[in-house]
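What follows is a set of notes on a single structure, which appears directly below.
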Amino acid sequence: MTMQYSRLGTGKPLLLIHGIGSSHRSWDRISNALASERDVIALDLPGFGATPPLTGEVSIKTMADAVTEFLQENDLIGIDAVGSSMGARLVLELARRGGVLGAVVSLDPGGFWQGWEIPFFYHSVRLSAQLVDRLQPILPALTGNPITRTLLFAQFSARPWQLPAEIALNELRTFVPTPTFNELLDNLAHGEKQKGAPRGSIQQPLVIGWGRQDLVCLPSQSKLALQLFPDASLHWFDHSGHFPQLDVPEQATQLILDVTDGTYKPQSKPIRSEETDQKTEQPVHVLAGAAIVAATIVAILVTFRFTRDRF
């Protein structure tokens, strides 16, 4: 499978797999830091970035097959890997299959939602992508302003006003509803459920990292993730939303390096109890939905003003 990728650094190889509607640029905040100690290979998955789409079915299964083929063709079987969001689910699937990856870090994996969380995920992400698609002509102005940047990233970042404007712009340039995006989003929400791996079946280090303020894959979903992958350790990121590599890049970098060099020590106790998390999450879907609506309203007003001033 031919995939476009960036490659930085020297040392032990490390594979980075982005989420839906993204590209290898999703890792820009931490790739140089990782490359100081690793040979970092950041992929563009099929249908994203500069890699052409798959022919036929687009699903977690076929994406995992494509990544496996890429690794086989480039003599990279057994490589340590990090995934984000959809990519985090991909690395869990590849770890479950066995014999494909080495140590694995899965950052805020999708696929562990249940009940009302399924339509919430599907519709909020779909509407966000549609909005961003319409705003492409004025995205530099929107991401350059901390207020509109905050509204556009409210569901994805715990502190979007602190994100560098260039990072935000790169992320949103690819977050559009292409045919691959749409089919994969539907598969993530309504397709085959993620299978687990029995205790003792995964021999390599496996850590699932989760942002405490994730409004896409809610923190309570970590319970099901650990039930399906009992060999995994759970690592909490405080002050982080759906993308720890964007919100807390130094912490994300350190976790990845520690897991992949075998020095990671599991957190001694959770920062907050699971019960507290579940109570906190009750209004989360309402707040996130309100943020998307607010972003839409602001974007419409900005678009109107931009159009009026231009013509």
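The values are calculated or read from the model by the stated rules, or taken from the named source; none is laboratory data. This is a predicted model, so every value here is computed, not measured. Counting neighbours? That spans all protein chains shown, and the Cβs are built from the backbone with ideal geometry, glycine included.
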Hey, residue 26 hits all of (1) among the polar types (S, T, N, Q); (2) assigned to a helix (DSSP H, G or I); (3) over 17 Å from residue 88 (Cβ atoms); (4) in contact with a helix residue (DSSP H, G or I) (Cβ under 8 Å, 6 or more places away or on another chain) but one; which does it fall short on?
-> (3)
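Can we say residue 77 is more than 19 Å from residue 188 (Cα to Cα) and β-branched (Val, Ile, Thr)? Steps first, please.
Numbers: more than 19 Å from residue 188 (Cα to Cα): yes; β-branched (Val, Ile, Thr): yes.
So residue 77 passes the test.
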Scan the range 239-288 for residues that are loosely packed, with under 13 Cβ neighbours inside 10 Å, small (Gly, Ala, Ser), farther than 19 Å from residue 36 by Cβ and at pLDDT 55 or above and report the count.
-> 1
Would you check if there is a residue in the range 4-23 being part of a helix (DSSP H, G or I) and touching a residue at least 24 places away in the same chain (Cβ under 8 Å)?
-> no
Return a yes/no flag: does the range 295-306 have any residue that is farther than 19 Å from residue 105 by Cα, at pLDDT 55 or above, outside any strand (DSSP E or B) and among the charged types (D, E, K, R).
-> yes
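In this structure, is residue 33 in a helix (DSSP H, G or I) and of a type in the set (A, V, I, L, M, F, W, C)?
Yes: the conditions hold for residue 33.
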Quick one: would you say residue 223 is part of a helix (DSSP H, G or I), farther than 21 Å from residue 246 by Cβ and not aliphatic (A, V, I, L, M)?
-> yes
Which listed residue is in contact with a strand residue (DSSP E or B) (Cβ under 7 Å, 6 or more places away or on another chain) and more than 13 Å from residue 26 (Cβ to Cβ), from 154, 189, 158, 165 | 158
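Assess whether residue 47 counts as being within 15 Å of the chain's Cα centre (by Cα), over 20 Å from residue 208 (Cα atoms) and either assigned to a helix (DSSP H, G or I) or not acidic (Asp, Glu) (or both).
Working: within 15 Å of the chain's Cα centre (by Cα): no; over 20 Å from residue 208 (Cα atoms): yes; either assigned to a helix (DSSP H, G or I) or not acidic (Asp, Glu) (or both): yes.
In short, no.
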Across the range 182-195, which residue is surrounded by the fewest Cβ atoms within 10 Å (Cβ to Cβ) among those that are touching a Phe, Trp or Tyr at 6+ places or on another chain (Cβ under 8 Å) and assigned to a helix (DSSP H, G or I)?
-> 190
Output the qualifying pairs, or none if there are none: Cβ atoms under 9 angstrom, residues six or more apart or on different chains, first residue in the range 32-45 and farther than 15 Å from residue 13 by Cβ, second residue in a strand (DSSP E or B) and at pLDDT 95 or above.
-> 32/8; 32/40; 44/5; 44/6; 45/17
Provide a single number: the residues in the range 66-110 that are assigned to a helix (DSSP H, G or I) and without any contact (Cβ under 8 Å) to a residue 40 or more places away in the chain.
-> 4
Restricting the range 168-202 to residues that are among the hydroxyl-bearing types (Ser, Thr, Tyr) and over 15 Å from the mean Cα position of the chain (by Cα), which is farthest from residue 100 (Cα to Cα)?
-> 178
Take the residues in the range 93-126 that are more than 13 Å from the chain's Cα centre (by Cα) and polar (S, T, N, Q), then tell me which one is farthest from residue 61 (Cα to Cα).
-> 124
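Where residues in the range 77-92 are crowded, with 19+ Cβ neighbours inside 10 Å and farther than 12 Å from residue 206 by Cα, which of them is farthest from the chain's Cα centre (by Cα)? Show your work before the answer.
Step one: filter the range 77-92 for residues crowded, with 19+ Cβ neighbours inside 10 Å, giving 79-92.
Those still in the list that are farther than 12 Å from residue 206 by Cα too: 79, 84-87, 89-90.
Working: 79: 19, 84: 3, 85: 3, 86: 6, 87: 6, 89: 9, 90: 10 Å.
Within the range 77-92, the match that is farthest from the chain's Cα centre (by Cα) is 79.
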Quickly run through the range 140-167 and pick out the residues that are over 24 Å from residue 237 (Cα atoms) and polar (S, T, N, Q).
-> 143, 145, 148
